[in-house]
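Q: Got a structure here, written out as C-alpha coordinates. Questions coming.
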Amino acid sequence: MPTDVSLWPLIGVGVIIAGFVLRFNPMLVVIATAIATALAAGFGFDRILATIGTGFIKTRNLPLIILLPLAVIGLLERHGLRQHAQNWISSIKSATAGRLLVVYLAARELTAAVGLTSLGGHPQMVRPLLAPMAEGAAQTRYGTLPQRIRHKLRAYSAATDNVGLFFGEDIFVAFGAIVLMVTFLREAGIEVEPIHVALWGIPTAICAFLIHGWRMYRLDKMLDKELGGGRAAEEVAAEQAAAAKSVEAR
(Lines give C-alpha, C1' and ligand atoms only; values in the text may rest on other atoms or scores of the structure.)
Protein backbone atom coordinates (compact mmCIF):
# COMPACT_ATOMS: atom_id res chain seq x y z
CA MET A 1 0.00 0.00 0.00
CA PRO A 2 1.37 3.46 -0.87
CA THR A 3 2.08 5.65 2.11
CA ASP A 4 2.02 9.41 2.30
CA VAL A 5 5.42 11.08 2.51
CA SER A 6 5.63 14.07 4.79
CA LEU A 7 7.38 17.07 3.30
CA TRP A 8 7.50 18.96 6.59
CA PRO A 9 11.16 17.99 7.28
CA LEU A 10 12.08 20.13 4.26
CA ILE A 11 11.32 23.14 6.44
CA GLY A 12 14.99 22.99 7.40
CA VAL A 13 15.90 24.21 3.92
CA GLY A 14 13.84 27.34 4.48
CA VAL A 15 15.37 27.87 7.91
CA ILE A 16 18.94 27.70 6.63
CA ILE A 17 18.20 29.98 3.65
CA ALA A 18 16.50 32.55 5.90
CA GLY A 19 19.35 32.40 8.41
CA PHE A 20 22.03 33.08 5.82
CA VAL A 21 19.99 35.80 4.09
CA LEU A 22 19.52 37.55 7.43
CA ARG A 23 23.27 37.10 8.16
CA PHE A 24 22.84 35.27 11.44
CA ASN A 25 25.72 33.34 12.99
CA PRO A 26 26.31 30.27 10.74
CA MET A 27 26.75 27.92 13.71
CA LEU A 28 23.43 29.01 15.22
CA VAL A 29 21.73 28.71 11.83
CA VAL A 30 22.96 25.12 11.38
CA ILE A 31 21.86 24.14 14.90
CA ALA A 32 18.44 25.76 14.44
CA THR A 33 18.07 23.97 11.09
CA ALA A 34 18.88 20.60 12.63
CA ILE A 35 16.39 21.10 15.47
CA ALA A 36 13.64 22.39 13.15
CA THR A 37 14.10 19.47 10.76
CA ALA A 38 14.08 16.92 13.58
CA LEU A 39 10.94 18.38 15.16
CA ALA A 40 9.20 18.43 11.77
CA ALA A 41 10.14 14.75 11.31
CA GLY A 42 8.49 13.86 14.61
CA PHE A 43 11.63 13.37 16.69
CA GLY A 44 11.24 13.75 20.43
CA PHE A 45 13.46 16.16 22.30
CA ASP A 46 15.41 13.33 23.94
CA ARG A 47 16.02 11.71 20.55
CA ILE A 48 17.25 15.03 19.12
CA LEU A 49 19.77 15.42 21.94
CA ALA A 50 20.88 11.81 21.55
CA THR A 51 21.43 12.26 17.79
CA ILE A 52 23.40 15.48 18.27
CA GLY A 53 25.48 13.84 21.00
CA THR A 54 26.23 10.82 18.83
CA GLY A 55 27.33 13.03 15.95
CA PHE A 56 29.56 15.03 18.29
CA ILE A 57 31.24 11.91 19.67
CA LYS A 58 31.93 10.57 16.16
CA THR A 59 33.50 13.84 14.95
CA ARG A 60 35.03 15.21 18.14
CA ASN A 61 38.55 15.07 16.66
CA LEU A 62 37.57 17.14 13.61
CA PRO A 63 37.69 20.54 15.39
CA LEU A 64 41.28 19.81 16.47
CA ILE A 65 42.29 19.24 12.84
CA ILE A 66 40.73 22.58 11.87
CA LEU A 67 41.56 24.72 14.90
CA LEU A 68 45.16 23.71 15.57
CA PRO A 69 46.51 25.03 12.22
CA LEU A 70 44.52 28.24 12.73
CA ALA A 71 46.09 28.68 16.17
CA VAL A 72 49.58 28.24 14.70
CA ILE A 73 48.84 30.73 11.91
CA GLY A 74 47.46 33.23 14.44
CA LEU A 75 50.59 32.89 16.56
CA LEU A 76 52.81 33.46 13.51
CA GLU A 77 50.80 36.53 12.53
CA ARG A 78 51.15 37.93 16.04
CA HIS A 79 54.91 37.66 15.69
CA GLY A 80 54.98 39.58 12.42
CA LEU A 81 54.43 37.01 9.66
CA ARG A 82 52.48 39.48 7.51
CA GLN A 83 55.04 42.24 8.00
CA HIS A 84 57.95 39.94 7.11
CA ALA A 85 56.12 38.81 3.97
CA GLN A 86 55.53 42.43 2.92
CA ASN A 87 59.12 43.42 3.64
CA TRP A 88 60.51 40.49 1.67
CA ILE A 89 58.43 41.11 -1.44
CA SER A 90 59.22 44.84 -1.20
CA SER A 91 62.91 44.03 -1.60
CA ILE A 92 62.24 42.57 -5.07
CA LYS A 93 62.06 45.67 -7.25
CA SER A 94 60.69 43.91 -10.33
CA ALA A 95 57.78 42.37 -8.42
CA THR A 96 54.26 43.58 -9.08
CA ALA A 97 51.00 42.40 -7.61
CA GLY A 98 49.98 40.83 -10.93
CA ARG A 99 53.28 39.01 -11.48
CA LEU A 100 53.24 37.68 -7.93
CA LEU A 101 49.71 36.32 -8.32
CA VAL A 102 50.55 34.69 -11.67
CA VAL A 103 53.46 32.84 -10.05
CA TYR A 104 51.22 31.73 -7.20
CA LEU A 105 48.53 30.64 -9.67
CA ALA A 106 51.02 28.40 -11.49
CA ALA A 107 52.28 26.92 -8.22
CA ARG A 108 48.75 26.36 -6.92
CA GLU A 109 47.60 24.60 -10.08
CA LEU A 110 50.68 22.39 -10.28
CA THR A 111 50.55 21.32 -6.63
CA ALA A 112 46.80 20.69 -6.80
CA ALA A 113 47.33 18.61 -9.94
CA VAL A 114 49.46 16.15 -7.95
CA GLY A 115 47.01 16.04 -5.03
CA LEU A 116 48.69 18.57 -2.70
CA THR A 117 45.55 20.64 -2.22
CA SER A 118 46.33 21.54 1.40
CA LEU A 119 49.46 23.52 0.57
CA GLY A 120 47.34 26.60 -0.17
CA GLY A 121 44.02 27.92 1.04
CA HIS A 122 42.54 31.13 2.37
CA PRO A 123 43.28 30.72 6.11
CA GLN A 124 46.78 29.27 5.82
CA MET A 125 48.14 31.01 2.72
CA VAL A 126 46.02 33.85 1.30
CA ARG A 127 45.36 35.86 4.45
CA PRO A 128 48.73 35.60 6.22
CA LEU A 129 51.06 35.52 3.18
CA LEU A 130 49.70 36.04 -0.33
CA ALA A 131 47.49 39.10 0.24
CA PRO A 132 50.11 40.96 2.34
CA MET A 133 52.75 40.21 -0.32
CA ALA A 134 50.48 41.54 -3.09
CA GLU A 135 49.87 44.68 -1.04
CA GLY A 136 53.59 45.02 -0.34
CA ALA A 137 54.48 44.75 -4.03
CA ALA A 138 51.93 47.43 -4.91
CA GLN A 139 52.99 49.63 -2.01
CA THR A 140 56.62 49.54 -3.13
CA ARG A 141 55.60 51.01 -6.50
CA TYR A 142 52.85 53.43 -5.51
CA GLY A 143 53.35 54.27 -1.85
CA THR A 144 50.62 54.00 0.76
CA LEU A 145 47.58 52.31 -0.75
CA PRO A 146 43.94 53.43 -0.44
CA GLN A 147 41.65 51.02 1.37
CA ARG A 148 39.66 50.18 -1.77
CA ILE A 149 42.87 49.06 -3.52
CA ARG A 150 43.85 46.94 -0.53
CA HIS A 151 40.47 45.22 -0.57
CA LYS A 152 40.72 44.69 -4.31
CA LEU A 153 44.15 43.08 -3.98
CA ARG A 154 42.86 40.80 -1.24
CA ALA A 155 39.94 39.78 -3.45
CA TYR A 156 42.27 39.03 -6.38
CA SER A 157 44.50 36.99 -4.07
CA ALA A 158 41.56 34.90 -2.87
CA ALA A 159 40.29 34.47 -6.44
CA THR A 160 43.73 33.32 -7.61
CA ASP A 161 43.81 30.63 -4.94
CA ASN A 162 40.29 29.50 -5.89
CA VAL A 163 41.05 29.30 -9.62
CA GLY A 164 44.32 27.46 -9.11
CA LEU A 165 42.79 24.89 -6.77
CA PHE A 166 39.55 24.36 -8.70
CA PHE A 167 41.12 23.72 -12.09
CA GLY A 168 44.30 22.10 -10.81
CA GLU A 169 42.67 19.39 -8.71
CA ASP A 170 40.59 18.26 -11.72
CA ILE A 171 43.83 16.88 -13.18
CA PHE A 172 44.51 14.68 -10.16
CA VAL A 173 43.29 11.20 -11.07
CA ALA A 174 42.23 10.30 -7.51
CA PHE A 175 40.20 13.49 -7.01
CA GLY A 176 36.71 12.78 -5.68
CA ALA A 177 34.91 14.59 -8.51
CA ILE A 178 36.68 12.45 -11.12
CA VAL A 179 35.72 9.26 -9.27
CA LEU A 180 32.13 10.52 -9.08
CA MET A 181 31.99 11.27 -12.81
CA VAL A 182 33.46 7.87 -13.72
CA THR A 183 30.96 6.09 -11.47
CA PHE A 184 28.04 8.06 -12.91
CA LEU A 185 29.09 7.33 -16.49
CA ARG A 186 29.50 3.61 -15.77
CA GLU A 187 26.01 3.46 -14.29
CA ALA A 188 24.79 5.04 -17.54
CA GLY A 189 26.57 2.33 -19.55
CA ILE A 190 29.55 4.46 -20.61
CA GLU A 191 32.92 2.93 -19.79
CA VAL A 192 35.67 5.48 -19.23
CA GLU A 193 38.96 5.35 -17.35
CA PRO A 194 39.69 7.92 -14.61
CA ILE A 195 43.04 8.77 -16.25
CA HIS A 196 41.24 9.85 -19.42
CA VAL A 197 38.91 12.15 -17.47
CA ALA A 198 41.91 13.64 -15.66
CA LEU A 199 43.83 14.19 -18.91
CA TRP A 200 40.90 16.07 -20.40
CA GLY A 201 41.13 18.42 -17.44
CA ILE A 202 44.54 19.64 -18.63
CA PRO A 203 43.26 21.83 -21.52
CA THR A 204 40.73 23.40 -19.15
CA ALA A 205 43.42 24.10 -16.56
CA ILE A 206 45.67 25.71 -19.20
CA CYS A 207 42.81 27.90 -20.41
CA ALA A 208 42.00 28.90 -16.83
CA PHE A 209 45.65 29.84 -16.26
CA LEU A 210 45.81 31.96 -19.42
CA ILE A 211 42.51 33.72 -18.75
CA HIS A 212 43.28 34.48 -15.11
CA GLY A 213 46.85 35.43 -16.03
CA TRP A 214 45.41 37.99 -18.46
CA ARG A 215 43.30 39.34 -15.61
CA MET A 216 46.46 39.77 -13.54
CA TYR A 217 48.09 41.64 -16.43
CA ARG A 218 45.08 43.94 -16.54
CA LEU A 219 45.29 44.35 -12.75
CA ASP A 220 48.81 45.78 -13.08
CA LYS A 221 47.63 48.12 -15.83
CA MET A 222 44.70 49.24 -13.70
CA LEU A 223 46.99 49.97 -10.75
CA ASP A 224 49.30 52.01 -12.99
CA LYS A 225 46.36 53.99 -14.29
CA GLU A 226 44.69 54.65 -10.95
CA LEU A 227 47.70 55.04 -8.64
CA GLY A 228 50.53 56.26 -10.88
CA GLY A 229 51.78 59.83 -10.75
CA GLY A 230 51.10 60.36 -7.06
CA ARG A 231 47.37 59.68 -7.29
CA ALA A 232 47.63 57.05 -4.56
CA ALA A 233 48.87 59.62 -2.02
CA GLU A 234 46.08 62.02 -2.99
CA GLU A 235 43.41 59.36 -2.48
CA VAL A 236 44.88 58.27 0.85
CA ALA A 237 44.91 61.88 2.02
CA ALA A 238 41.26 62.24 1.00
CA GLU A 239 40.38 59.05 2.91
CA GLN A 240 42.15 60.32 6.03
CA ALA A 241 40.37 63.67 5.81
CA ALA A 242 36.99 61.93 5.45
CA ALA A 243 37.78 59.71 8.45
CA ALA A 244 38.75 62.76 10.54
CA LYS A 245 35.49 64.51 9.65
CA SER A 246 33.56 61.38 10.60
CA VAL A 247 35.24 61.31 14.01
CA GLU A 248 34.51 64.99 14.57
CA ALA A 249 30.86 64.48 13.61
CA ARG A 250 30.52 61.85 16.33
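Residue-wise test of (1) within 20 Å of residue 212 (Cβ to Cβ); (2) under 14 Å from the mean Cα position of the chain (by Cα).
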site: 131; (1), (2): yes, yes
site: 134; (1), (2): yes, no
site: 139; (1), (2): no, no
site: 143; (1), (2): no, no
site: 146; (1), (2): no, no
site: 150; (1), (2): no, no
site: 154; (1), (2): yes, yes
site: 161; (1), (2): yes, yes
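Q: With the requirement that a residue be touching a Gly at 6+ places or on another chain (Cβ under 9 Å) and open to solvent by 50 Å² or more (accessible area, probe 1.4 Å), what does the stretch 141-155 give you?
A: Pass one, the stretch 141-155, residues touching a Gly at 6+ places or on another chain (Cβ under 9 Å): 141-143.
141, the sole residue that qualifies.
Q: For the stretch 125-140, indicate whether the set of residues that are free of Cβ contacts under 8 Å to residues at least 12 places away in the same chain, touching a helix residue (DSSP H, G or I) at 6+ places or on another chain (Cβ under 7 Å), open to solvent by 30 Å² or more (accessible area, probe 1.4 Å) and within 30 Å of residue 202 (Cα to Cα) is non-empty.
A: Among the residues of the stretch 125-140, not one is free of Cβ contacts under 8 Å to residues at least 12 places away in the same chain, touching a helix residue (DSSP H, G or I) at 6+ places or on another chain (Cβ under 7 Å), open to solvent by 30 Å² or more (accessible area, probe 1.4 Å) and within 30 Å of residue 202 (Cα to Cα), which makes the answer no.
Q: Still on this model: Out of all the residues in the stretch 173-217, which are in contact with a Gly (Cβ under 8 Å, 6 or more places away or on another chain) and open to solvent by 70 Å² or more (accessible area, probe 1.4 Å)?
A: 217
Q: For a quick check of your reading of the model, give me the residue pairs whose first member lies in the stretch 82-105 and is under 15 Å from residue 217 (Cβ atoms) and open to solvent by 70 Å² or more (accessible area, probe 1.4 Å), whose second is among the hydrophobic types (A, V, I, L, M, F, W, C) and in a helix (DSSP H, G or I), with beta-carbon atoms closer than 8 Å and at least 6 apart or on different chains.
A: 99/137; 99/216
Q: Go through the stretch 21-34 and report how many residues are more than 24 Å from residue 46 (Cβ to Cβ) and either touching a residue at least 60 places away in the same chain (Cβ under 8 Å) or surrounded by 11 or more Cβ atoms within 10 Å (Cβ to Cβ) (or both).
A: Matching residues across the stretch 21-34 total 2.
Q: Could you list, in sequence order, the residues of the stretch 120-154 that are within 22 Å of residue 225 (Cβ to Cβ) and in contact with an Asp or Glu (Cβ under 7 Å, 6 or more places away or on another chain)?
A: 145, 146, 147, 150, 153
Q: Within the stretch 58-69, is there a residue that is modelled with pLDDT under 75, under 30 Å from residue 134 (Cα atoms), open to solvent by less than 80 Å² (accessible area, probe 1.4 Å) and in a helix (DSSP H, G or I)?
A: yes
The values are calculated or read from the model by the stated rules, or taken from the named source; none is laboratory data. Bear in mind that the values here come from a model prediction, so they are computed numbers and not experimental data. Cβ atoms come from the backbone with ideal geometry, glycine included; neighbour counts cover every protein chain shown. The area values use the complete protein model at the heavy-atom level, side chains included, leaving out ligands, DNA and RNA. Shrake-Rupley method; radii C 1.70, N 1.55, O 1.52, S 1.80 Å.
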